[in-house]
Amino acid sequence: MNLPPIPNPQSPIPPSSTIGIIGGGQLGRMLAIAAAQMGYHTHIFTPEVDAPAREVAKHTTVASYDSRDDLKRFARSVDVVTYEFENIPVAAVADIARHVNVFPSPEILATSQHRLLEKQAINTLGVATAPFAPVSNQEELNAAIKKLGLPAVLKTATMGYDGKGQWMLQPRDNLEKIWLEVTGDRKQVTENKHETSVTRNPPPVTFILEGFVDFRMEISVIVARDARGATECYCPVQNIHKDHILSETIVPAPISDALAQKAQAIAEVIASGLNLVGLMAVEMFVTNNDEIIVNELAPRPHNSGHWTIDACVTSQFEQTIRAICGLPLGSTEKLCDAKMRNLIGDDINDWQKYLAMPNARLHLYGKKEARPGRKMGHVTFLASAGA
Ligand code: AMP
């Protein structure tokens with residue numbers, strides 16, 4: 001694997017330097033706020049004129065991910081680069097990495113963008129995922145169903161997010177009809193978003209079929225790893241989804257200490273195995289037998305880690321900045337239990353209610369229009385000491 005140069009731990013990127021952030025959404029905004037708090041400048045690269053991160057960054061480039069001149073100019077104006085979401089063309093990130101270090105590496109980005117590569121990489125590290133099979137046509141779908149059984153979940157290999165590009169298949173379903181719907185819908189998913197173009201040849205697979213995991217809980221672990229190979233994990237949290245979008249995160253996840261340690265160990269194995277420099281969320285299922293099955297990786301700050309801003313010694317955003325700048329990782333100690341609620345669409349109208357609650361910390365992202373399904377902000381409820 002062609003690894004990018006790593007920062008020399010002896011010479012960290014000092015405050016007053018400029019951190020480049022690809023993507024201008026709320027994660028980029030909260031990264032830029034954390035960077036500013038530590039004395040860094042930020043430069044956002046985004047195709048969107050009204051990106052939420054722009055308001056809090058020193059510089060912005062508004063340009064397409066296809067514009068090689070803009071990518072080069074951006075890369076040359078910053079001291080290190082990270083990204084705030086996965087669905088960026090890897091070719092653009094690889095272009096940037098020719099001029100400046102990008103963390104996490106473009107290889108990790110490519111792996112996390114493709115469900116087949118991702119699951120293969122996780123399994124190679126000895127970590128369990130749902131059983132899966134690649135699917136590119138209806139014959140392969142029939143063969144995959146024979147192998148994995150039904151119910152099963154059919155997913156686009158790339159570009160899935162918030163439940164889009166995903167279909168639950170049941171024993172009585174008309175598979176021919178579903179395949180037609182699915183291939184039509186996939187076209188829409190990839191037309192609406194920038195299709196992935198991976199630097200190394202990605203497998204020519206359009207879907208994967210996953211065996212259905214009868215989980216009792218969804219959890220995630222956020223892990224950071226520095227250039228020396230030191231890792232720090234936050235405690236596992238429980239994630240509750242509504243309409244496929246994260247609704248609430250419960251901190252800590254209501255699981256045994258032994259299971260929590262196992263989940264953190266899995267996250268560390270993956271971070272080390274992929275040679276992560278930066279921060280990564282590992283989404284997992286907990287089964288009724290207390291098995292842990294990894295579902296997805298997100299090599300960036302994650303919605304299920306927003307609570308760390310208000311309830312941890314070091315937030316996931318500051319931790320990202322520390323890891324990519326070659327600074328020592330901060331303590332992930334939890335200061336108190338917490339619950340994070342996303343404010344989605346019209347939920348934002350309740351903002352005054354949260355301001356009146358003494359244990360609630362309100363975060364709004366400065367988005368103008370409250371469309372259904374759009375993440376407008378979040379609230380972290382802090383448990384009273386000892387609760
Ligand atoms: P994903 O896009 O892979 O994060 O999946 C979105 C959601 O669909 C997950 O958070 C689960 O609730 C559900 N899901 C995904 N894959 C499976 C699976 N193999 N078995 C059961 N539920 C799943």
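Give me Rg over Rh for the range 53-108, both radii from the alpha carbons and Rh done the Kirkwood way, two decimal places.
Taking Rh as the inverse mean 1/r over Cα pairs, Rg/Rh reads 0.92.
Using only DSSP helix segments of four residues or longer, with each worth -39500 (n - 2.57), what per-residue ellipticity at 222 nm results for the chain after dividing by its residue count and rounding to 500?
-8500 deg cm²/dmol
Just in the range 224-286: which trypsin sites (Lys or Arg not before Pro) are loop by DSSP and have at most 16 other Cβ atoms within 10 Å?
Hits after loop and neighbour filter: 228.
Summarise the accessible area of the chain (1.4 Å probe, protein heavy atoms) by the percent that is carbon and sulfur.
Accessible surface attributable to carbon and sulfur in the chain totals 48 percent.
Skipping prolines and chain starts, which residues have an amide H placed within reach, meaning under 5 Å, of the one on residue 45, given they are 5 or more residues away or on another chain?
21, 22, 23, 61
If amide H atoms are built 1.01 Å from N in the plane of the peptide, which residues on other chains or at least 5 residues away come under 5 Å of the amide H of residue 105?
277
Report the extension gain between residue 287 and residue 245 in nm, rounded to one decimal, defined as 0.36 nm multiplied by the number of residues separating them, less their alpha carbon distance.
So the extension gain works out to 13.1 nm.
What are the lysines whose alpha-carbon lies under 29 Å from the alpha-carbon of residue 375, with same-chain residues fewer than 8 places away excluded?
58, 119, 155, 164, 187, 193, 242, 334, 339, 353, 367
Got a sec? Which residues in the range 212-255 would a label at residue 172 touch, if it sits 7 Å along Cα→Cβ and we count backbone N under 11 Å?
So the set is empty, nothing qualifies.
Rounded if a/c is under 1.5, else prolate if a/b is larger than b/c, else oblate: which is the range 203-252, with a ≥ b ≥ c the root eigenvalues of its Cα gyration tensor?
It comes out oblate by the Cα gyration axes.
Each residue of the range 137-149 in turn: what ³J(HN,Hα) in whole Hz from Karplus with 6.51, -1.76, 1.60 and θ = phi - 60°, glycine and Pro shown as x?
3J(HN,Hα) across the range 137-149, in whole Hz: 8, 5, 4, 5, 5, 4, 5, 5, 5, 4, 6, 9, x.
Could you tally the net charge around residue 46, taking each other residue with its Cβ under 13 Å from the Cβ of residue 46, Lys/Arg +1 and Asp/Glu -1?
Net local charge, residue 46 excluded: -3.
Please find, in a Gaussian network model of the chain (springs between Cα atoms separated by less than 10 Å), the residue of 353, 164, 119 whose mean-square fluctuation is greatest.
Taking springs between Cα atoms under 10 Å, the residue moving most is 353.
Rounded to whole Å and sorted largest first, what semi-axes of the equivalent ellipsoid does the C-alpha gyration tensor of the chain yield via the square root of 5 times each eigenvalue?
The equivalent ellipsoid of the chain has semi-axes of 31, 26, 22 Å.
The values are calculated or read from the model by the stated rules, or taken from the named source; none is laboratory data. What you are looking at is a predicted structure, and each value in this text was computed from that prediction instead of being measured. Counting neighbours? That spans all protein chains shown, and the Cβs are built from the backbone with ideal geometry, glycine included. Note: accessible area is taken over every heavy atom of the protein model, side chains too, but ligands, DNA and RNA are not part of it. Shrake-Rupley method; radii C 1.70, N 1.55, O 1.52, S 1.80 Å.
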